Every structure is written in structure tokens, then in C-alpha cells.
Amino acid sequence: MAPTVMASTATSVAPFQGLKSTASLPVSRRTASSGFGNVSNGGRIRCMQVWPVEGNKKFETLSYLPPLTTEGFLKQIEYLIRSNWVPCLEFSKIGFVYRENSTSPGYYDGRYWTMWKLPMFGCTDATQVLKELEEAKKAYPGSYIRIIGFDNVRQVQCVSFIAYKPPGAE
């Protein structure tokens with residue numbers, strides 16, 4: 001006996017009607033003096049660029065910004081504490097994921113970093129975290145050190161950023 005298919009009207013979705021015309025969208029025109037010259041990606045937008053990947057390693061959330069000052073670190077850590085996340089420091093010699101022990105899909109070495117002491121449960125002052133960061137830098141001057149914000153209710157890491165790069169790092 002062949003299986004029967006039952007259609008449900010409760011989960012029906014409107015059928016695809018095709019692509020809409022782009023004639024009603026505004027067309028941006030750039031002059032030759034705008035600095036883009038004859039750059040084109042084949043479409044109507046003429047300013048697309050590709051980010052260079054060689055010699056330009058980026059790490060985590062804030063790595064596309066200039067290095068943070070002490071005041072910038074304090075503001076980020078205060079945000080973690082205000083969000084009720086637990087600050088924690090981790091360090092690693094390499095600082096990024098790589099493949100060494102296996103080439104199977106989804107396996108990467110370096111995903112987990114070594115934790116510096118225990119998570120700072122009950123921390124209410126951002127300067128406490130900065131003091132721990134300074135201690136970690138003294139103990140492991142050749143390692144990358146990151147600060148993470150851990151949500152102990154949902155059991156997830158919510159934010160992570162590099163706080164220290166060793167001398168000579170990219």
C-alpha cells in the first residue's frame with residue numbers, strides 16, 4: 001500500500017511568486033573623483049573590496065579595532081559584570097585554532113584554552129579582573145590571554161576578546 005500524504009492548512013506557506021523587479025530601487029551613481037575609478041564587482045554597486053587574509057590574522061570580537069586602552073578594558077569588563085556574566089581569563093601559546101591531531105571534519109586543535117585560575121564568580125569590580133590579567137601576563141608572557149564572559153545560568157560563553165598578545169605576535 002502506498003503512503004498517503006496529508007496536507008495541513010495550519011502550516012501552509014504562501015507559494016513563491018518569483019523575484020521582484022529592481023526597477024523601483026534607487027540607483028547610486030558615483031563620480032570618477034570619488035576615488036574608486038573603474039572598480040566594479042559586476043553589479044550596480046561599484047565599491048566592493050576583499051579583505052586581505054595573508055599576514056592579517058584576526059582573533060575574536062574586538063580584534064578588528066585598535067588595541068584597547070586600560071580604560072577600554074575596564075569598560076568592556078564592566079559591561080560583562082553588568083550583564084551578570086562571570087569574568088574568566090584563559091591563555092594559549094598559539095592563540096588560534098589549527099589542525100594537528102586529526103583531519104576529520106569539525107575537529108580543530110586549539111579550540112579550548114587553558115583557564116587561568118577559576119572563573120571569577122561574585123566579581124563586582126572590573127579592576128579585580130585587570131589585576132588578574134596583569135598576573136597572567138607575568139606568569140605567561142609568551143601566551144595570548146583572553147577575557148571571556150560566562151553566563152552561569154544558561155551555561156554558555158557570551159563574549160570573548162583578546163586582552164594580551166605576546167611580543168612579536170601578528
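The values are calculated or read from the model by the stated rules, or taken from the named source; none is laboratory data. Just so it is clear, the structure is predicted and the values come from calculations on it, not from any experiment. FYI the Cβ positions are ideal-geometry reconstructions off the backbone, even for glycines, and counts take in every protein chain you see. Areas reflect the complete protein model, heavy atoms only, side chains present, ligands, DNA and RNA absent. Shrake-Rupley method; radii C 1.70, N 1.55, O 1.52, S 1.80 Å.
Shown for segment 83-170: the carbon plus sulfur share of the solvent-accessible area, taken with all protein chains present and a 1.4 angstrom probe, equals 54%. Averaged over residues, the count of other Cβ atoms within 10 Å places the peptides 116-123, 88-95, 63-70 in the sequence 88-95, 116-123, 63-70, highest first. Relative to the current alpha-carbon distance between Lys165 and Thr124, full extension at 0.36 nm per residue lengthens the span by 12.2 nm.
What is the extension gain from Gln157 to Ser104, computed as 0.36 nm multiplied by their sequence separation minus the C-alpha to C-alpha distance, in nm to one decimal?
Working: separation 53, 0.36 × 53 = 19.08 nm, distance 2.50 nm.
Once the chain is fully extended between Gln157 and Ser104, it gains 16.6 nm.
Length gained on full extension, Leu65 to Glu134, computed as 0.36 nm times the residue gap minus the Cα-Cα distance: 22.7 nm.
Given Cβ point charges of +1 (Lys, Arg) and -1 (Asp, Glu) and nothing else, what value in debye, to the nearest 20, does the dipole of segment 87-170 about its Cα centre take? Display every interim value, and only then the final one.
Details: 10 positive and 9 negative charges, 17 e Å.
So the magnitude is around 80 debye.
Computed from backbone phi with θ = phi - 60° and the Karplus coefficients 6.51, -1.76 and 1.60, the 3J(HN,Hα) list for segment 83-92 is 7, 6, 9, 8, x, 8, 10, 9, 9, 7 Hz; x is used for glycine and proline.
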